[in-house]
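Each remark here refers to the structure printed beneath this line.
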Amino acid sequence: MKRILSILTVMILTASLSAPSVFAGNDNRRGTAGATELLINPWTRSSSWGGINTSCARGIDAFFSNIAGLSFVEKTEFVYSNTMLYGGRNGLVSGASVNAFGLALRLGEAGVLGAYVMAMGCGDIYVTTPESPEPGNNGTISPTLMNLNVAFSYSFTTSIHGGGNIKVITESTDNVTASGVALDAGIQYQTGENDELKFGISLKNIGPSLSFGGTGLSFTTVNDAGNSMTVEFRDAEMELPTCLNIGLSYDFLFEKWEQRLTLAANFTSNAFLRDNFGLGFEYSLLNRFEVRAAYVYQTGRVTANAGLSAGASVNIPLKKDSNTALSIDYSYRNAYNLKGSHSIGATFKF
């Protein structure tokens, strides 16, 4: 136990001390990262928290907020979520959307193995060229962004939980592709008579740079001598959008109607964006109905990842004296200078 607490302390101190120098960056770096779809929360429950539930994330939703929370899966959990991103249509032929499928299985008393795939479609985008700049004359392209995740979490004690996640990233159009790998790691600590006080820290999107390649980066031209030649552009490497999350939450428990009110706070230090500060709450009634809301404040120029978010869940038990249940979830996220995003999802526990 002492060794585990020592490891936890070292991780927290190392991450906290490195945050100002490693993650704060400078204004010249902001907006230069690649694979920024990794900053889009695909899960309905945690997105209604605004992703600030680093300390209290539970189940498959913890893949985005803090992978350590995956260790709270009781037996088997399956989740599907669909998000109509930023209103679905923003000058595109068709809407942009995100679909996510996740599955988690408990292995023994302390371990949980999980996997999920997220696929983001950017809609059909008109192709334009210098020779034919009018949209609609050259067809469309349909970029696809996908990442496959495999994770393992472990409960060291009833108070300390940790986990790691490996993700494979793929971005592609018809003739250009980029791929890479990244790692997430997180830890949660809970204490109190009923585990009311929770603390969490997670480090996300650590990995090598990625770059695009393919026939779309080349073109054929004729030189002054009349010879045909193919010219290929070299794409610059892009670093991943690494971020550090530190969160704290507290549960207020009431015996009447099995009520619970959870207040949460979170700080996010981004390598290529301004830092985020978030506050939110979740209210639960009879363990059947839940409502939650959060606000994420971003210093300086605001991006679409900041603002107000809210959502609700209905938990439906499917068997008496059993943990088998179905949850229907909804969330809404406001986006600065863009239309809001609507998510709907379902969680099946058995």
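The values are calculated or read from the model by the stated rules, or taken from the named source; none is laboratory data. This one's a predicted model, so the numbers in the text were calculated from it and none came from an experiment. Note that each Cβ is placed from the backbone with ideal geometry, even for glycine, and that neighbours are counted across all protein chains shown. Note: areas computed on protein heavy atoms with side chains; ligands, DNA, RNA excluded. Shrake-Rupley method; radii C 1.70, N 1.55, O 1.52, S 1.80 Å.
Condition check for Ile67 on (1) under 12 Å from the mean Cα position of the chain (by Cα); (2) modelled with pLDDT under 95: one failure, at (2). Taking the criterion of being in a loop (DSSP other than H, G, I, E, B) and either free of Cβ contacts under 8 Å to residues at least 12 places away in the same chain or in contact with a Phe, Trp or Tyr (Cβ under 8 Å, 6 or more places away or on another chain) (or both), the residues of the stretch 323-349 that qualify are Asn323, Thr324. Could you tell me which numbered condition Ser343 fails, if it satisfies all but one of (1) in contact with a helix residue (DSSP H, G or I) (Cβ under 7 Å, 6 or more places away or on another chain); (2) within 23 Å of Ala68 (Cα to Cα); (3) small (Gly, Ala, Ser)? All conditions are met except number (2).
Can you work out which of the residues in the stretch 221-262 that are within 30 Å of Gly186 (Cβ to Cβ) and among the polar types (S, T, N, Q) is modelled with the lowest pLDDT? If you could, list the steps in order and put the result at the bottom.
Within the stretch 221-262, the subset within 30 Å of Gly186 (Cβ to Cβ) is 237-254, 258-262.
Remaining after also requiring among the polar types (S, T, N, Q): 242, 245, 249, 259, 262.
Numbers: Thr242: 92, Asn245: 95, Ser249: 97, Gln259: 96, Thr262: 97.
Residue satisfying both the conditions and the ranking: Thr242.
Counting the residues of the stretch 253-278 that are part of a strand (DSSP E or B), closer than 20 Å to Asp195 by Cα and among the hydrophobic types (A, V, I, L, M, F, W, C) gives 6. Take Ala104 and tell me if it is touching a helix residue (DSSP H, G or I) at 6+ places or on another chain (Cβ under 9 Å), at pLDDT below 95, of a type in the set (A, V, I, L, M) and within 24 Å of Gly180 (Cα to Cα). It is false that Ala104 is touching a helix residue (DSSP H, G or I) at 6+ places or on another chain (Cβ under 9 Å), at pLDDT below 95, of a type in the set (A, V, I, L, M) and within 24 Å of Gly180 (Cα to Cα). Applying the set (1) touching a helix residue (DSSP H, G or I) at 6+ places or on another chain (Cβ under 9 Å); (2) among the charged types (D, E, K, R); (3) closer than 30 Å to Ala35 by Cβ to Glu290 leaves exactly one unmet item: (3). Taking the numbered list (1) open to solvent by 30 Å² or more (accessible area, probe 1.4 Å); (2) at pLDDT 80 or above; (3) not aliphatic (A, V, I, L, M) in turn, Arg89 passes all entries but (2).
Report, by residue number, each residue of the stretch 215-236 that is of a type in the set (Gly, Ala, Ser) and in contact (Cβ under 8 Å) with a residue 40 or more places away in the chain. Please lay out each step first, then the result.
Applying the first criterion (of a type in the set (Gly, Ala, Ser)) to the stretch 215-236 yields 216, 218, 225-226, 228, 236.
Result: Gly216, single match.
Within the stretch 236-283, the residues that satisfy the criterion of being exposed (fewer than 15 other Cβ atoms within 10 Å of the Cβ) and under 28 Å from Gly214 (Cβ atoms) are Ala236, Glu237.
Kindly indicate the residue of the stretch 126-147 that is out of contact with any Pro (no Cβ under 7 Å at 6 or more places or on another chain) and part of a strand (DSSP E or B) and also farthest from Ile166 (Cα to Cα) among those meeting that condition.
Taking the stretch 126-147 and keeping what is out of contact with any Pro (no Cβ under 7 Å at 6 or more places or on another chain), we get 127, 129-147.
Next, from what is left, pick out any that are part of a strand (DSSP E or B): 140-141, 144-147.
Working: Thr140: 33, Ile141: 29, Thr144: 20, Leu145: 17, Met146: 14, Asn147: 10 Å.
Step by step, filter the stretch 126-147, then rank; the result is Thr140.
Specify which of the listed residues (Val168, Val117, Val150) is open to solvent by less than 60 Å² (accessible area, probe 1.4 Å), in contact (Cβ under 8 Å) with a residue 12 or more places away in the chain and not polar (S, T, N, Q).
That would be Val117, the only listed residue that is open to solvent by less than 60 Å² (accessible area, probe 1.4 Å), in contact (Cβ under 8 Å) with a residue 12 or more places away in the chain and not polar (S, T, N, Q).
Considered as a group, the residues in the stretch 171-208 that are of a type in the set (A, V, I, L, M), at pLDDT below 95 and more than 18 Å from Asn245 (Cα to Cα) include one that is most open to solvent (accessible area, probe 1.4 Å), and that residue is Val176. On inspection, Phe156 passes the criterion of being touching a helix residue (DSSP H, G or I) at 6+ places or on another chain (Cβ under 6 Å) and open to solvent by 40 Å² or more (accessible area, probe 1.4 Å).
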